[in-house]
Protein chains: 2
Amino acid sequence: MSQSRRTRVQRLPERGVYERTEIERILDAGLTCHVGYVVDDQPFVTPTAYWRTGDRLYWHGSSASRMLRQLAAGVAACVTVTHVDGLVLARSAYHHSMNYRSVMALGTAYPLLDREERLAALHAFMERVAPGRWQEVRPPSEGELTATTVMWMSLDEASAKVRTGPPLDDEADYALTCWAGVLPMTTCVHPPSADPRLLAATAEPAYLRTLRLG
Amino acid sequence: MSQSRRTRVQRLPERGVYERTEIERILDAGLTCHVGYVVDDQPFVTPTAYWRTGDRLYWHGSSASRMLRQLAAGVAACVTVTHVDGLVLARSAYHHSMNYRSVMALGTAYPLLDREERLAALHAFMERVAPGRWQEVRPPSEGELTATTVMWMSLDEASAKVRTGPPLDDEADYALTCWAGVLPMTTCVHPPSADPRLLAATAEPAYLRTLRLG
């Protein structure tokens, strides 16, 4: 994973992370990203679910969506994944901050044109969130598969930015009596809520209790 | 809040929300947004903290940051706020979805040039996350205030998109024995973690236990 001029972290470069394993760890802990693209000089930022396989990021949606229509020809995109880990309360207003882990990937996004590749990608997405579920659900019909666009982008130009730990105040400010520290935040996945129309005696699959995010 | 051609929700228009109160409710439940902007035809999506006052969104950062340098002249931006509420597991692969509340605001972002306005905006941000704390912390020095850029954007062109509730399967699929329902997710704010260098006997302010997000 190369550190290009565009992905080098410019502000607070000590927070920049370029190791591939760390970038993949951040990506694999997430479920939703924000995809940036440009239409008529106007940027759009769309939240969507994503997954990673190897050195590619994937996301999907309706073939009719504005975002995916625009990207289908292969256009510049930016995919950002962010985990917010806490609010950092310093003794000085200026040094307040956030703890977070984020990855920004720049590149050109393309649609998966091949039917088999599209099916394999959707299978991989299901495995990521609910391992084994693909065998339980009704698979996509040909019409549904046609109506689903799967986009992919290389992770060649990606970087991460991470802040952890307590506030860093100016040395003189440590004498102040103001409370300082971190208000930690996580994404909590709660016990499943069954569909009211679920058939009686439907077993609850084990994967519903194992998903961890953030 | 007007519904422009650009902000009208195009995909699944039944999920579009244009009432101002609902848009403000979604914005006021959040702490971090994703700001999209364009540099040399390349979109960038940067996560950052934000707050709302009236019909404006605000965010801030170092005057030296790439994002804020680019925006300072007043450029096209897109600010998206997303709360992920759950993973929707349908009986068919195709109808899997997410529950979420998101707001997308398009417009031109400008820096607050006036010192007093900048100070008032930073005060408002602190009030949003920790009411009363502004009186406890060391206020920004003139140098710190100069080094802080505060950006604002009008909410005139904003829309929300919301999905709630159980999966919506094709009628025939309700006969399948596959588990279906929602895996709910929330942003959890945990008890505060005090700075190891906190002075002994520093009282824990009440606002540390009242912040709710999402």
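Values quoted throughout were computed directly from the atomic coordinates according to the rules given, and no laboratory measurement underlies them. Keep in mind it's a predicted model, so treat the numbers as computed, not measured. Glycine gets a Cβ as well: all are built from the backbone with ideal geometry, and neighbour counts include every protein chain shown.
Within chain B, the cysteines lacking any other cysteine Cβ closer than 4.7 Å to their own Cβ are B:CYS33, B:CYS78, B:CYS178. When every Cα-Cα distance of segment A:13-209 is counted in 5 angstrom steps from zero, the calculated P(r) takes the values 1, 6, 12, 14, 15, 14, 12, 9, 6, 4, 3, 1, 1, 0 percent. Label-point distances for A:ALA206 to the equivalent site in the other copies, using a point 7 angstrom along Cα→C-beta, read 4.8 nm when ranked shortest first.
Amide H to amide H distances under 5 Å link B:GLY107 with B:ALA77, where only residues 5 or more positions off or on other chains count and H is placed in the peptide plane.
For segment A:92-213, the relative contact order works out to 37 percent when only alpha carbon pairs closer than 8 Å and six or more residues apart are counted. Working from Cα positions, state the angle (0 to 90°, nearest 10) between the long axis of helix A:115-129 and the longest principal axis of chain A. Result, in degrees: 50.
Relative to the compact globular guide of 2.2 N^0.38 Å, what is the alpha carbon radius of gyration of the protein assembly as shown, as a ratio?
On the way: Rg = 22.0 Å, N = 428, 2.2 N^0.38 = 22.0 Å.
In units of the globular-protein estimate, the protein assembly as shown measures up at 1.00.
Assigning unit charges at the beta carbon (Lys, Arg +1; Asp, Glu -1) and nothing else, what dipole magnitude in debye, to the nearest 20, does segment A:13-209 show about its Cα centre?
Numbers: 18 positive and 24 negative charges, 98 e Å.
So the dipole magnitude of segment A:13-209 works out to roughly 460 debye.
When A:CYS188, B:CYS78, A:CYS178, B:CYS33 are sorted by how many other C-beta atoms sit within 10 angstrom of their C-beta, beginning with the fewest, the order is A:CYS188, A:CYS178, B:CYS33, B:CYS78. Considering only A:ALA175, A:ALA200, A:ALA109, the mean-square fluctuation computed in a Gaussian network model of chain A, springs between alpha carbons under 10 angstrom, is largest for A:ALA200. What residue among A:LEU183, A:LEU119, A:LEU199 has the largest mean-square fluctuation in a Gaussian network model of chain A, using Cα springs under 10 Å? The residue with the greatest mean-square fluctuation here is A:LEU199. Counting beta carbons within 10 Å around each of A:ARG209, B:ARG52 and listing the fewest first gives the order A:ARG209, B:ARG52. In the assembly of identical copies, A:PRO184 has its label point, taken 7 Å from Cα in the direction of the beta carbon, separated from the corresponding points by 2.3 nm (ascending, one decimal). Going from the residue with the fewest nearby Cβ atoms within 10 Å to the one with the most, B:THR82, A:THR146 rank A:THR146, B:THR82.
Here A:ASP28 yields copy-to-copy label distances, from shortest upward, of 4.2 nm, the label point defined as 7 Å from Cα along Cα to C-beta.
When the Gaussian network model of chain B links Cα atoms closer than 10 Å, the mean-square fluctuations of B:ALA130, B:ALA158, B:ALA121 top out at B:ALA130.
Averaged over B:95-103, how many beta carbons belonging to a partner chain fall within 10 Å of each residue's beta carbon?
So the per-residue partner count for this stretch is 3.
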